[in-house]
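Visitor: Below you'll find the structure I mean.
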């Protein structure tokens, strides 16, 4: 009898990333598909006859997984059993991605923890020293800001930022790159500094493709692109 595979799936606004849980409790290298390209055929081909643990912030894509009659799909949310407690008046508003990233950081790196996730949005989440999710902050992501400048103005171009942009630009495109790169670097470093003033022993954990442009420029303790998968892995193993 063929063994049923278990998948960990992160459906974000830009990409649907996924990996397979291994027999030893780890997971395989992640793969991803642009979320807007994710179709019924993709989902049926990739995830039929399996267990799927899903963190989704794109409700319209959830039905693709619910339609797989040969699989069991579990969508994580604030009501799921986990060691991370939530201290918010409306916990249902917490995105599954932020929740799983916070759980992953708490399980792997301890607490207090500041979780910084840079993708479509730039988010900051605090887990206090007692393992309680206290909330955080949400900014538009760098690419979203670039798109907004291009879409909402007549002449500003769409740009893509590279590591270590110059402090100032000699033309419009380079000026936008300088503003985005150094502006976002300043936001992130300012937030880290303020959280460290509140918790001198806080561990600062970064995740998300948007942080790769900064590399060693940020004062992170850890950069872990699999943080959401760590959280989903805990949920999957706890339900076996």
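Visitor: Return the total of residues in the stretch 97-111 being buried (at least 23 other Cβ atoms within 10 Å of the Cβ) and in contact (Cβ under 8 Å) with a residue 40 or more places away in the chain.
Guide: 8
Visitor: Kindly evaluate residue 90 against the criterion of being surrounded by fewer than 19 Cβ atoms within 10 Å (Cβ to Cβ), more than 25 Å from residue 124 (Cα to Cα) and without any contact (Cβ under 8 Å) to a residue 60 or more places away in the chain.
Guide: no
Visitor: Just a yes or no: is a residue in the stretch 198-209 surrounded by 12 or more Cβ atoms within 10 Å (Cβ to Cβ) and free of Cβ contacts under 8 Å to residues at least 40 places away in the same chain?
Guide: Checked against the condition, which is being surrounded by 12 or more Cβ atoms within 10 Å (Cβ to Cβ) and free of Cβ contacts under 8 Å to residues at least 40 places away in the same chain, the stretch 198-209 yields no hits at all.
Visitor: Restricted to the stretch 162-197, and to residues that are assigned to a helix (DSSP H, G or I) and over 24 Å from the mean Cα position of the chain (by Cα), which residue is nearest to residue 126 (Cα to Cα)?
Guide: 197
Visitor: Then there is this: So residue 34 fits all but one of (1) in contact with a helix residue (DSSP H, G or I) (Cβ under 9 Å, 6 or more places away or on another chain); (2) over 23 Å from residue 200 (Cα atoms); (3) not assigned by TED's automatic domain parsing to the domain that holds residue 198; what number is the exception?
Guide: So residue 34 meets the others, but not (1).
Visitor: Now for a separate question. List the pairs whose first member sits in the stretch 37-61 and is modelled with pLDDT of 95 or more, whose second member is part of a helix (DSSP H, G or I) and surrounded by fewer than 18 Cβ atoms within 10 Å (Cβ to Cβ), and whose Cβ atoms are under 9 Å apart, counting only residues at least 6 apart or on separate chains?
Guide: Listed pairs, sorted by first residue: 54/62; 56/62.
Visitor: Among the residues of the stretch 122-142, which ones are touching a residue at least 60 places away in the same chain (Cβ under 8 Å) and within 15 Å of the chain's Cα centre (by Cα)?
Guide: Correct list: 122, 124, 126, 141, 142.
Visitor: OK, next. Could you identify the single residue in 103, 88, 122, 114 that is part of a loop (DSSP other than H, G, I, E, B), touching a strand residue (DSSP E or B) at 6+ places or on another chain (Cβ under 9 Å) and either modelled with pLDDT of 95 or more or assigned by TED's automatic domain parsing to the domain that holds residue 211 (or both)?
Guide: Answer to the selection: 88.
Visitor: Evaluate the following for residue 159: is it part of a strand (DSSP E or B) and surrounded by 12 or more Cβ atoms within 10 Å (Cβ to Cβ)?
Guide: no
Visitor: Let me ask something else. Please specify each residue of the stretch 4-36 satisfying the condition of being farther than 21 Å from residue 119 by Cβ, touching a strand residue (DSSP E or B) at 6+ places or on another chain (Cβ under 9 Å) and in contact (Cβ under 8 Å) with a residue 60 or more places away in the chain.
Guide: If the condition is that a residue be farther than 21 Å from residue 119 by Cβ, touching a strand residue (DSSP E or B) at 6+ places or on another chain (Cβ under 9 Å) and in contact (Cβ under 8 Å) with a residue 60 or more places away in the chain, then 6, 21 are the ones that fit.
Visitor: All but one of (1) part of a strand (DSSP E or B); (2) touching a helix residue (DSSP H, G or I) at 6+ places or on another chain (Cβ under 7 Å) hold for residue 108; state the number of the condition that does not hold.
Guide: (1)
Visitor: Continuing with this model, one more query. Quick one: in the stretch 1-13, of everything that is assigned to a loop (DSSP other than H, G, I, E, B) and modelled with pLDDT of 90 or more, which residue is nearest to the chain's Cα centre (by Cα)?
Guide: For the stretch 1-13, the residue satisfying everything is 12.
Visitor: Right, residue 41: part of a helix (DSSP H, G or I) and exposed (fewer than 12 other Cβ atoms within 10 Å of the Cβ) or not?
Guide: Taking the combined requirement at face value, the residue satisfies it.
The values are calculated or read from the model by the stated rules, or taken from the named source; none is laboratory data. Keep in mind that this is a model prediction, so the values were computed, not measured. Here Cβ is always computed from backbone atoms with ideal geometry, including for glycine, and neighbour counts include all displayed protein chains.
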